[in-house]
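See below for the structure under consideration.
The values are calculated or read from the model by the stated rules, or taken from the named source; none is laboratory data. Being a predicted model, the structure only gives us computed values, none of them experimental. All Cβ positions, glycine included, derive from the backbone under ideal geometry; neighbour counts span all protein chains shown.
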Amino acid sequence: MSGAMDEAKVGVYVCHCGGNISDVVDVKAVAAELGKHPQVAISKEFAFMCSDAGQKLVIEDIKSGKINRVVVAACSPALHELTFRKALQRADLNPYLYEHVNIREQVSWVHKGDHDAATRKATSLTRAGVEKILRQDRLESIHVGAAKRVLIVGGGPAGLKAALDSAARGLKVTLVEKSGRLGGHLHEFDTVYPGGQSASELLGKLLSAVSANPAITVVLGAEVKTWDGFVGNFKAVLSTGDAVNAGAVIMATGYRHTAPSAGEYRFGKDDRVITLPALIEQMKAAPRGPLTRGGRAVRSVAFIHCVGSRQIEGVHAPQEDGKVNDYCSRVCCTAALHTINALKERQSDLAIYDLYRDIRTYGRGHEAIYEQASKNGVLFFRFTEEAQPEIRESSVVVKDVLTWNQEVELPADLVVLVTGVKPGEVAELTAMMKLPTGSDRFLQEAHPKLRPVEVANNGFFLAGACQAPMDLVESAAAAGAAASKVAAVLSKDFITLDPYVARVDAEKCTGCEACLPECAYTGALFMNGSKKAEVNAALCKGCGACVAVCEPRALDLAGWSLDQMEAMVDAMASEVAP
Amino acid sequence: MKAHTLVIGAGIAGLQAALDLAEQGRQVVLVEKNPSIGGRMISLSKVYPTLDCASCITTPRMASVAHHPLIHTLTYTEVLGVAKNEDGTFRAHLRKKPRYIEEDKCIGCKRCEEVCPVYIRDDFEHQLGAKKAISIPFTNAIPQFPVLEPQSCTWCGACANACPVDCIDFTQESRDLFVEVDAVLLATGFQLTPIDAKAQYGGGKLRNVISSLQGERLLAPHGPYGRVLRPSDGKVPDSIAFVQCAGSRDASLGVPYCSRVCCMYAIKQAMLLSGSLPTADITIYYMDIRAFGKGYEAFYQNAKAMGINFVKAKVGRIREIEDGNLALRIERQEGTAQPEEAQHDLVILSLGLTPQWNPGQLAWEVKTASDGFVATPGAPLDPAATTQDGVFACGTATGPKDIVDSIMEAGNAATEVGKRLEIRAPMVPGGAS
Amino acid sequence: MEHATSLGDKPPKILIITTIASSYTGANTVGQARAQYAPNTYILRVPDPVMFPEDFYLRCFDKGFAGIIIMSSGSDCPYEGAYGRLSARVGRTYLKMKEKGIPTTRLKLTTVCTVCKHAFLKEIDDMQNHLKEKAA
C-alpha cells in the first residue's frame, strides 16, 4: 500500500441526474475544475451515472488502465455507493478505492436559488472526495464464522412460521416465548378473516409441525436476559439460564391490543361498553345462540371504530408515553366486519350499527366482507374526528356525515369499541439489543419501502406485527421474508462484514494504553504480547473513540482516517474560483 | 438451460425474489416480457410514504439483479408454456422476441436512435410522449439495448448506417429457449383497469382525463414534458381532480374489490402536484380513504394539512366543456344532498388493478380465483403456494398490493421456493449445488 | 483572533459534522423535502464524531471554518458510550478554545436524527445568525 499515493490516478465523474443536479449545478464546470487536479486523470460529466451506461464508463476507464481510484459526484451514497463499489469490483479494482460525493440531496436540491454558490460547493465537495480517496487503502472485507442457529423472540404465528421456515433451510432454531404457551393472539380467535378458517386448526397445524421438528428448541416462559456479540455470533442468556449462540435473530414480538383510555366512550363506567377483543372472546366462549349482556338478551349493538387508532393530539388522551397513536391499526376494520357477520349469522334479527371514520377493507377478500355486512342489514354511519359519537343511557348518538350531519340516536344494548393495536412490550429488549424503534413505537425497519424485514443493525430481522400492524396473511409473509434473509446470511460458511474498523500501526504505537479505556467493546481492543495495541476486527464496531486519544496516531479507522478527514476539511475550506 | 428456479416477471417482486434466492446460492432464470427489467415501479414518480424517487431506489435493485452471477435475466422474452415433468421438475418454453439488434455487439450508444426519422408513441410514457421507432425504452432501462418496432419502421436503413458496431439486424427472428427448473415463481404483476371502461367518464375519449400511471409520468423527474402540463393543449393545470375508485369497488366493471394502492398513490400525486404547482387547487373525490400501512395515516394527514381538498363524493359523470376543461357531476356524501357540478382542467382517474397475466392460458394446474388473480389456497399461513405443487406466486400476481407488501411477499416466496429446493436440490456445503 | 472568519464578501464557512446513522440521513431528508438553506455549509460524514481529537476542531478553525456544528446521533447513537465520550471531548475542546481566545459559540454540539428536518435547518440558522452578529 505504501507508494500507492504517487501512482494514484483518480477518475472523477459528475452526474447530471437527468437535470436533478445539472439544473442547479454547472456540472461541466465542476468536471473541468476537478480535471485541473494533478492526480485526477479523467474528469467527466454524464446524464445518469447510475445507469448501466454510466457504470460502463467507469469500468472501461479502469480496465484501460487510465484510472485506479474513482470519485462519483451524484446523489446520496445511500442510493448508489454500493452500486459503484460493485462496478469497481467488476473492473477488478478494490471496491473501497471509491468515494461517493453527494451533490444532489446536499447541494442541488437545497441551494436552488444560487447556481454559482451551488457549483462552487459541489466543486469543493468533489475535491474533498478526491483528497479522501487519494489517502485510501485497498480495504478487504472481514469474514467471520457463522453459528448456524437463529434465535427467534416471540412464539406467535409469525415466530412459529419463521421457526419452521428456518428449520426447513437446515438451520437450528431457538424459539423464546415470554408466556407459558405458543400461539400468541391466534388463541383469541374463533375464525380468521378473510378465508374464515378455524383459528385453532391453523394453530394446531403450526404447533404440531413445530413440536415434531427436532431442529427447533422451544423455551417457554423465558426472556432474553443478557445480550452480546455480533452477526454470526450473537450470545444470549435467557431467564431460564439457557445460553444461546445464534448467527442471526428474528424479532417476532408481536402486538398488544390498545385499551380505551379512562372513561373513553364511558368504557369502564358503563358495562354495556366493551372492546372488540372482549366481544370476540365472549363469542368464542359461547359459540351459539343470541348474544347476552349481564344475563339479558342483546337486541342492538353499536360498533365504534378507530378507538386507540388515528388519534389526534388535543382530541384524544395520550398513551403512557405521552404520545397519541396517530397511526391506523390496519386490521380493525376488517376484524370488526368479520365479527359482525359472524354475529349476524347466529342472530339475524340483531340490529347492528357500525360507526366509522373510513372503512378500510383494503385486502384481498376484505371488500367482500364489507359487502356481506351491508347485505346483512348492518347500518353504517360515518363520523368525523371532531364530532365523536356520544354514549347515552341506552343509546349512542352520532352526527352522521352521510346524512348531512344529522344527529342520529341509535339504540344500543351493547357498545363495542373497535380498539387498535400497539407493539408488544419490548423497551427493555430493544435497549439491550440496541434496536431502533419508530415514533409509533414499533420496531424500525431498515427502509420502509424496500427493506421492511431488515434492521439497520446487522443480523437482526423482523417478522410480523412487531414492525407494524398486520393481519395473519401479512404476518406469515413477513415471517417468510425474514426467514429468507436469515437463510441468505447463514447459508454461507462465512459472513462478510464491512472493513471499517480500527487498526494499529505497530511501528507508531508507544504502548501508552491511553486507548484502552476508550473502547466500549470487550475484547475489541487490547495490548498484545509485544505491548502494542491490537484490534479484534470482528468485535470492533468502528466508532473511532480510540482514534481520538492516540497521540502518535498509531490508531486509525480504516476508511475514515484522521488524515483523510483533515484533507477533506482542507479541500472544503479552500476557495473555489467563481 | 437448467436452473433451480424460473421467476416470471422482473418487476419489484420478481427482482426481490430473484435476489433473495440468488443470495441463498440458488440459480435463477428471470424472464421479463418487456425490454427492460424494473416493472411498474421504475416508471413511478416517487413512492409513498417516504417520497423517495422511485427510479433512484429501483435502479440499485435492478443493477444488483442484472449483475448477480447466479441470476440469468432474459428480457423481451415471453413464456409460451410450462409443463411439469414426471420427476416434478418443470420445462418452460420461452420465446425471445427480436430487438433487431445483436445484443452482444451493441454498446448502447444511441446513435441509431438519434438518426431514426420515425417517431412513435412511447409506451413507457403511457402514450404521453413520443420516441423513435428504434430506441432504448427509457433512460434507466436495463439492459441498455434499443428495440426496433417493426410495425413503424420504414426500413430506411439510417440506423444501420449510423451504428458504429454494425449490430442492426433487420432479419432477426424470434428465438425459442427451453429451461428446466425445480420450481416456478410467478411475479407477473398487474395492469390498470382500462381508461375507456366507463362511458360516464368519457370512455377514454376526453383528452384531459388521464390514468394514474400517466399521472405518475407527468410527475416523474424526467417525464414526458419535464413538468406538469395537461395533454390537450400543454397548459399548466390549475385545478386538478382525482377520482377515486374509478376502476375498483365497482361490480359493473367486474372489479368489486378494493385495489388497495389508489388512495395512497392519489394522495402522493396530489402532494407532488401541490409541490410543483403551488397555486393549483387539488381535489380528491373519494369513498373511503384507505391509508392503512405504516406511516400512511400521517401521510394522509399531511396532505390535508397541505391544503389538498378531500371530498367524500361519488363522481357520476365527466364531460368536456370549452377549452378542454372538464365538468364533473358529483354527488356529495357529506355536507349537502344536492348533486352539483365541479369544473377542473385536469382529471386523474384512480384506476384499479387487475392481473397482468392469466396463468390459466398455459396447460398447467395453476388456477385463478374469482377476482382473476392467482389463487393462493395455502393462505393465510402459506400465501405463496398456488394450486400447482412447485409453482409459487407473489406480489400483485396474487392481488393488488403496494411495493412494500410485494417485497414482503417476494421474500416469503423465496423462502417457500428455497424449502422446495432444499428437498429437491440440497445445497452442497461450501458452495452452490 | 477572528481573522479566519473574514473571507471578503463571501459568508463565513460552516463545517457540519454528521453521522452515518443519523444526521447525514437527516441532511438527505432535508434535501428530499427540497428545504433550502445557505450554501456556505459543508457536510462531513463520519461513523461518529467521537473519533476527532480536540485539536481537530482547532485545526478546522485555523483552516478557515468560522463555525462548526457537530450533529451527533445522541441517544440514537449505535456506538456504546460514544455520546458521553464525545461530549466530554467537546468540553475539553471548549477549554482549549478559551485558551486561544476563540469564542466557544463557534463550536456547537447537538443531536440531529434521520428525520430531524427542522432541527437541522434551525442549527444552521442559529450558527449563521451568530456568526453574522459576531461579524457586525
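Here the condition is being in the same structural domain as A:S124 (by TED's automatic domain parsing), surrounded by fewer than 23 Cβ atoms within 10 Å (Cβ to Cβ), modelled with pLDDT of 95 or more and not hydroxyl-bearing (S, T, Y); of A:E45, A:E81, A:E7, A:E99, it holds for A:E45 alone. Within the bounds of the range B:11-24, is there any residue that is closer than 19 Å to B:G390 by Cβ and of a type in the set (D, E, K, R)? The answer is yes; a qualifying residue exists.
Considered as a group, the residues in the range A:520-578 that are within 10 Å of chain C (Cβ to nearest Cβ) and of a type in the set (F, W, Y) include one that is surrounded by the most Cβ atoms within 10 Å (Cβ to Cβ), and that residue is A:W560. Taking into account only those residues within the range A:355-371 that are among the aliphatic types (A, V, I, L, M) and in contact with a Pro (Cβ under 9 Å, 6 or more places away or on another chain), which is farthest from the other protein chains (Cβ to nearest Cβ)? Within the range A:355-371, the match that is farthest from the other protein chains (Cβ to nearest Cβ) is A:L355. Checked against (1) among the aliphatic types (A, V, I, L, M); (2) under 30 Å from A:K541 (Cβ atoms); (3) at pLDDT below 85, C:A4 passes all but a single condition, namely (2). Checked against (1) surrounded by fewer than 20 Cβ atoms within 10 Å (Cβ to Cβ); (2) assigned to a loop (DSSP other than H, G, I, E, B), B:P237 passes all but condition (1). Are any residues in the range A:371-396 assigned to a strand (DSSP E or B) and either within 41 Å of the chain's Cα centre (by Cα) or closer than 25 Å to B:P339 by Cβ (or both), and if so, which ones? Those that are assigned to a strand (DSSP E or B) and either within 41 Å of the chain's Cα centre (by Cα) or closer than 25 Å to B:P339 by Cβ (or both): A:L379, A:F380, A:F381, A:R382, A:T384, A:A387, A:E390, A:I391, A:V396.
Restricting the range A:421-442 to residues that are among the β-branched types (V, I, T) and either more than 14 Å from chain B (Cβ to nearest Cβ) or within 21 Å of A:G459 (Cβ to Cβ) (or both) leaves a set whose member that is nearest to the chain's Cα centre (by Cα) is A:T437. Scanning the range A:399-420 for residues that are over 39 Å from the mean Cα position of the chain (by Cα) and within 18 Å of A:V307 (Cα to Cα), we see that the one that is nearest to the other protein chains (Cβ to nearest Cβ) is A:K399. Screening the range A:542-564 for residues that are touching a residue at least 60 places away in the same chain (Cβ under 8 Å) and not aromatic (F, W, Y) and picking the one that is nearest to A:V30 (Cα to Cα) gives A:Q564. Does B:K84 satisfy being modelled with pLDDT of 90 or more, assigned by TED's automatic domain parsing to the domain that holds B:A22, under 21 Å from the mean Cα position of the chain (by Cα) and surrounded by fewer than 22 Cβ atoms within 10 Å (Cβ to Cβ)? In short, no.
Residues to consider are A:A342, A:A302, A:A335; find the one that is part of a helix (DSSP H, G or I), under 25 Å from A:D400 (Cα atoms), more than 11 Å from every other protein chain (Cβ to nearest Cβ) and not charged (D, E, K, R).
One residue alone meets the criteria, A:A335.
The residue that is surrounded by the most Cβ atoms within 10 Å (Cβ to Cβ), among those in the range A:477-503 that are out of contact with any helix residue (DSSP H, G or I) (no Cβ under 9 Å at 6 or more places or on another chain) and among the β-branched types (V, I, T), is A:V501. Among the residues of the range A:312-326, are any buried (at least 18 other Cβ atoms within 10 Å of the Cβ), more than 30 Å from B:G295 (Cα to Cα) and not assigned by TED's automatic domain parsing to the domain that holds A:R441? No; the residues of the range A:312-326 include none that is buried (at least 18 other Cβ atoms within 10 Å of the Cβ), more than 30 Å from B:G295 (Cα to Cα) and not assigned by TED's automatic domain parsing to the domain that holds A:R441.
The residues of the range A:92-116 that are free of Cβ contacts under 8 Å to residues at least 24 places away in the same chain and more than 19 Å from C:A38 (Cα to Cα) amount to a single one, A:P95. When B:V82, B:V28 are checked against the criterion of being of a type in the set (A, V, I, L, M, F, W, C) and touching a residue at least 60 places away in the same chain (Cβ under 8 Å), B:V82 stands alone in meeting it. Do you know which residues across the range C:18-55 are at the interface with chain A (Cβ under 7 Å from one of its Cβ atoms) and within 14 Å of the chain's Cα centre (by Cα)? Once the filter is applied, which keeps residues that are at the interface with chain A (Cβ under 7 Å from one of its Cβ atoms) and within 14 Å of the chain's Cα centre (by Cα), the range C:18-55 yields C:A27, C:Y42, C:I43, C:L44, C:V46, C:D48, C:V50, C:F52. Looking at B:E409, B:E365, B:E334, B:E416, just one residue is assigned to a loop (DSSP other than H, G, I, E, B), farther than 30 Å from B:V236 by Cα, in contact (Cβ under 8 Å) with a residue 12 or more places away in the chain and within 9 Å of chain A (Cβ to nearest Cβ), and that residue is B:E334. Check whether at least one residue in the range A:165-179 is buried (at least 20 other Cβ atoms within 10 Å of the Cβ), hydrophobic (A, V, I, L, M, F, W, C) and free of Cβ contacts under 8 Å to residues at least 24 places away in the same chain, and report yes or no. Checked against the condition, which is being buried (at least 20 other Cβ atoms within 10 Å of the Cβ), hydrophobic (A, V, I, L, M, F, W, C) and free of Cβ contacts under 8 Å to residues at least 24 places away in the same chain, the range A:165-179 yields at least one hit. Residues of the range B:231-247 that are within 22 Å of the chain's Cα centre (by Cα) and modelled with pLDDT of 95 or more: B:F242, B:V243, B:Q244, B:C245, B:A246. A:C15 fulfils the conditions (1) without any contact (Cβ under 8 Å) to a residue 60 or more places away in the chain; (2) buried (at least 21 other Cβ atoms within 10 Å of the Cβ) except for a single criterion, (1).
Taking the condition in contact with a Ser or Thr (Cβ under 8 Å, 6 or more places away or on another chain), within 10 Å of chain A (Cβ to nearest Cβ) and free of Cβ contacts under 8 Å to residues at least 24 places away in the same chain, does B:P377 pass? For B:P377, the condition - in contact with a Ser or Thr (Cβ under 8 Å, 6 or more places away or on another chain), within 10 Å of chain A (Cβ to nearest Cβ) and free of Cβ contacts under 8 Å to residues at least 24 places away in the same chain - is met.
Selection over the range B:380-404 of residues that are assigned to a helix (DSSP H, G or I), facing another protein chain (nearest Cβ under 7 Å) and out of contact with any strand residue (DSSP E or B) (no Cβ under 7 Å at 6 or more places or on another chain) gives a count of 1. Looking across the range A:289-304, just one residue is surrounded by 13 or more Cβ atoms within 10 Å (Cβ to Cβ) and either closer than 20 Å to B:F299 by Cβ or without any contact (Cβ under 8 Å) to a residue 60 or more places away in the chain (or both), and that is A:T292. Going through (1) under 32 Å from the mean Cα position of the chain (by Cα); (2) away from chain C (no Cβ under 14 Å); (3) at pLDDT below 95 one by one, A:D137 falls short only on (1).
Please determine whether any residue of the range C:97-106 is at pLDDT 95 or above, facing another protein chain (nearest Cβ under 9 Å) and not in a strand (DSSP E or B). No: the range C:97-106 contains no residue that is at pLDDT 95 or above, facing another protein chain (nearest Cβ under 9 Å) and not in a strand (DSSP E or B). Checked against the criterion of being small (G, A, S), more than 18 Å from C:D48 (Cβ to Cβ), at pLDDT 95 or above and in the same structural domain as A:E507 (by TED's automatic domain parsing), the candidates A:A571, A:A567, A:A533, A:A545 yield just one match: A:A533.
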